[in-house]
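Below is one structure, written out as structure tokens; comments come after it.
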Amino acid sequence: MAIEIGKMKEAMPTPPPKKIQKAKEGVGQVEQERTVLEEERIYRRGVVTIKDIIAPASFEVKPTLLLLSGMYVRTLFVITYPRHIGLGWSSPLINLNKTFDVGMFFYPLKASIILKQLQKKVGIFEAKILGDAEKGAPRDPIAETALRDIESLRDALTQGIEHFFQFSFYVSIYAKSEQELEKYTEEVESLFGSKLIYTKSGFYQAEQGFNSTVPLGNDELMISYNMNTSPIAASFPFISSDLTSDNGILYGINRHNNSLILFDRFSLQNANSVVFATSGAGKSYAIKLEILRSLMMGTDVIVIDPESEYKDLSDAVGGTFINVSLASEAKVNPFDLPRTVGEGTKVDDIIRSAVITLKGLLRIMIGQPIGEAGNLGFTPAEDSLLDRALIETYAKKDITPDLPSLADVEPPTLTDFQDVLEGMEGSADLVARLQKYTDGTFSGLLDSPTNVEMKNQLVVFSVRDLEDELRPTAIYTIINYIWNVTRSERKKRILVVDEAWWLMQNEDSAKFIFALVKRARKYYLGVTTITQDVNDFLRSQYGQAIVTNSALQLLMKQAPSAVDAVQTTFHLTDGEKYLLLESGVGEGIFFAGSKHAAIKVVASYTEDQIVTTNPQQLLELERAKKESPVDQEAQEPPIPSL
């Protein structure tokens, strides 16, 4: 047997050397590929991928929610819609200042299948309507409406105007606690319920719901609703705000869609405006453009200018520029009264209002720190003394409650008030504090009759040359004078108070400007308050109230230290917060009532030359004027030769 096997082996053919070599090379190549794959696998274990970055550290699945790395997550899905839904019905959800994910899935269906189903529905409804008619039963409006809708949809599908889909809409909401999640869930359900759109939360499907809203394109819930093209288009949530109207002025370009932001501030519930921005963000530039364009529409504008930034604008349009300082000839008397007021207003009420306003001014001028907060004020005895002295000062000029009109009266001055106060017992300390405004360093500012006029369309009051200590007093007095003029003649006006944080430093001046903002609408006045010290403005209760009573708001680039306060006050999303941090010059967010949009302030070349506040650009303009003087003789036309 062994001999036979040996003979068989000898008889078997021996493979050629080349084939053996190729087989060995093939085995070696396979082993080499395995080695490379193993090395690549080991390498990839130490490489960070996108999945590693976005994947949660852990999650716990509960019946109605997920606990995802410390965040509570719940998914809501829409189960039914009303017969008609408005365009952008989900936009209120997008505008909520919350964290959430939205998943939308569209499953197209063949028109032939839907038309067959609709044909059956038509037969059912027609039979019902005919049957009710034969029985003499009252007509069924629901069946008739359904029949009309089906016929309309059949026509649209047949003509290719509409297409049919199964549509799924999911929302995953996030919260830091389970209680907050429940509250947020109720808020979203109420928001949808107000539009007759009803939702439910997944039960034992929390993980599938979460997976359906992450950007993987997987619909693990598969809860859909039959819809045609038009309502599905209305469901698209990411629509851009449009602030273009037929009337108003151009504020800038809508950065969402490059449309024009045209708006009339007097069309809102009030015409007040607030502007918050850091220094150099372009807030004065934007307001100057608004002033220039408002003047073209026939609106009167009054400006409180702390840095004489508005002088070039005033000169360009032929406005009145009033420089208020200790040495200036322009005087404003704080004891002025409105000449004429609306019907039914008594002289007694005007005098009492003037006395209250003057007491607020005197607190700023000569008040002493009172209370833990250090607010300026008077003792009860001093307050009573000042009250009687102010009334007697007006009476000294025959201004009493029994006057029929204030048209021809001559108001008293601060010197008259001091004379009256000196004649009262216990007033020596008050008189000593007041003398610096009548006989001392600050004399000449408030102790003279008013000699300025506000008959021009643009009037600018500059307080640049005043000391910082006197600015709140001067601004308070000027605004009181403007308020008296406004009450005397109802006319469309805008009052611009630049660097309004000066008034927020004192409670009386802050209260005064707040009262002005609150009452301005009745006299066709819009008050614009501008500030770069956002924290100082918003720390005041009156500053926050001014923001609440301003329907128009412009937020431009913010400092990191102030952006959190701005976000809280204006209920901004995190995206809007970072937009304000990263905005360029002239960019920001424009609020008009309930609408808002990202804005880019733009100007024509001529407007830019008038309103620019860039120091380098201003120097270049001045240099250009000096280097190219106007040669009158060269500009005269030559005499034609005979």
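The values are calculated or read from the model by the stated rules, or taken from the named source; none is laboratory data. Keep in mind the model is a prediction, meaning the values are calculated, not measured. With ideal geometry, Cβ positions are generated from the backbone for all residues, glycine too; neighbour counts draw on all protein chains shown.
Do we find that THR450 is of a type in the set (Val, Ile, Thr), under 21 Å from ALA354 (Cα atoms), at pLDDT 85 or above and in a helix (DSSP H, G or I) in this structure? For THR450, the condition - of a type in the set (Val, Ile, Thr), under 21 Å from ALA354 (Cα atoms), at pLDDT 85 or above and in a helix (DSSP H, G or I) - is not met. Of all the numbered requirements in (1) over 41 Å from the mean Cα position of the chain (by Cα); (2) surrounded by 14 or more Cβ atoms within 10 Å (Cβ to Cβ); (3) in a loop (DSSP other than H, G, I, E, B); (4) not basic (Lys, Arg), GLY426 misses one, and that requirement is (2). May I ask you to verify whether GLY252 is outside the structural domain of ASN535 (by TED's automatic domain parsing) and either under 30 Å from GLY444 (Cα atoms) or at pLDDT 85 or above (or both)? Spelling it out, GLY252 is indeed outside the structural domain of ASN535 (by TED's automatic domain parsing) and either under 30 Å from GLY444 (Cα atoms) or at pLDDT 85 or above (or both). Total residues in the range 190-219 satisfying the condition of being in a loop (DSSP other than H, G, I, E, B) and buried (at least 18 other Cβ atoms within 10 Å of the Cβ): the figure is 4. On the stretch given as the range 292-307, residues that are under 16 Å from LEU466 (Cβ atoms) and either of a type in the set (Val, Ile, Thr) or modelled with pLDDT of 90 or more (or both) total 2. Hey, any hits in the range 380-399 for a residue that's outside any loop (DSSP other than H, G, I, E, B), within 42 Å of the chain's Cα centre (by Cα) and without any contact (Cβ under 8 Å) to a residue 12 or more places away in the chain? So far as the range 380-399 goes, no, none of its residues is outside any loop (DSSP other than H, G, I, E, B), within 42 Å of the chain's Cα centre (by Cα) and without any contact (Cβ under 8 Å) to a residue 12 or more places away in the chain. Scanning the range 424-466 for residues that are closer than 21 Å to LYS288 by Cα and polar (S, T, N, Q) turns up ASN456, GLN457, SER462. Among all residues of the range 453-471, there is at least one that is of a type in the set (Ser, Thr, Tyr) and touching a Ser or Thr at 6+ places or on another chain (Cβ under 8 Å).
In the range 485-522, how many residues are touching a helix residue (DSSP H, G or I) at 6+ places or on another chain (Cβ under 9 Å), surrounded by fewer than 22 Cβ atoms within 10 Å (Cβ to Cβ) and among the polar types (S, T, N, Q)? So the answer is 2. Considering THR75, THR80, THR64, the condition of being closer than 16 Å to TYR170 by Cβ, exposed (fewer than 12 other Cβ atoms within 10 Å of the Cβ) and polar (S, T, N, Q) is satisfied by THR80 alone. Just one of the listed residues (GLU425, GLU410) is touching a residue at least 12 places away in the same chain (Cβ under 8 Å), among the charged types (D, E, K, R) and not assigned by TED's automatic domain parsing to the domain that holds THR299, and it is GLU410.
Among residues of the range 591-615 that are touching a residue at least 24 places away in the same chain (Cβ under 8 Å), those with a beta-carbon under 6 Å from a residue that is aromatic (Phe, Trp, Tyr) at least six positions away or on a different chain give the pairs ALA592/PHE263; ALA597/PHE590; ILE599/PHE590; VAL611/TYR285; THR613/TYR285. Being closer than 20 Å to THR278 by Cβ and either buried (at least 22 other Cβ atoms within 10 Å of the Cβ) or not assigned by TED's automatic domain parsing to the domain that holds LEU358 (or both) holds for only one residue in GLN609, GLN553, GLN541, and it is GLN553.
The set of residues in the range 273-299 that are within 24 Å of TYR605 (Cα to Cα), of a type outside the set (A, V, I, L, M, F, W, C) and not in a helix (DSSP H, G or I) comprises SER279, GLY280, GLY282, GLY298, THR299. Can you confirm whether the range 54-70 contains a residue that is at pLDDT below 75 and among the charged types (D, E, K, R)? Taking every residue of the range 54-70 in turn, none turns out to be at pLDDT below 75 and among the charged types (D, E, K, R). Output the number of residues of the range 556-578 satisfying the condition of being among the basic types (Lys, Arg) and crowded, with 21+ Cβ neighbours inside 10 Å. Final tally of qualifying residues: 1. Assess whether GLN166 counts as being farther than 26 Å from LEU67 by Cα and either buried (at least 16 other Cβ atoms within 10 Å of the Cβ) or touching a residue at least 12 places away in the same chain (Cβ under 8 Å) (or both). For GLN166, the condition - farther than 26 Å from LEU67 by Cα and either buried (at least 16 other Cβ atoms within 10 Å of the Cβ) or touching a residue at least 12 places away in the same chain (Cβ under 8 Å) (or both) - is met. Of all the residues in the range 175-194, those that are of a type outside the set (Asp, Glu), out of contact with any Pro (no Cβ under 7 Å at 6 or more places or on another chain) and touching a residue at least 12 places away in the same chain (Cβ under 8 Å) number 8.
Of note, LEU153 satisfies the criterion of being surrounded by 11 or more Cβ atoms within 10 Å (Cβ to Cβ), touching a strand residue (DSSP E or B) at 6+ places or on another chain (Cβ under 7 Å) and farther than 30 Å from GLN208 by Cα.
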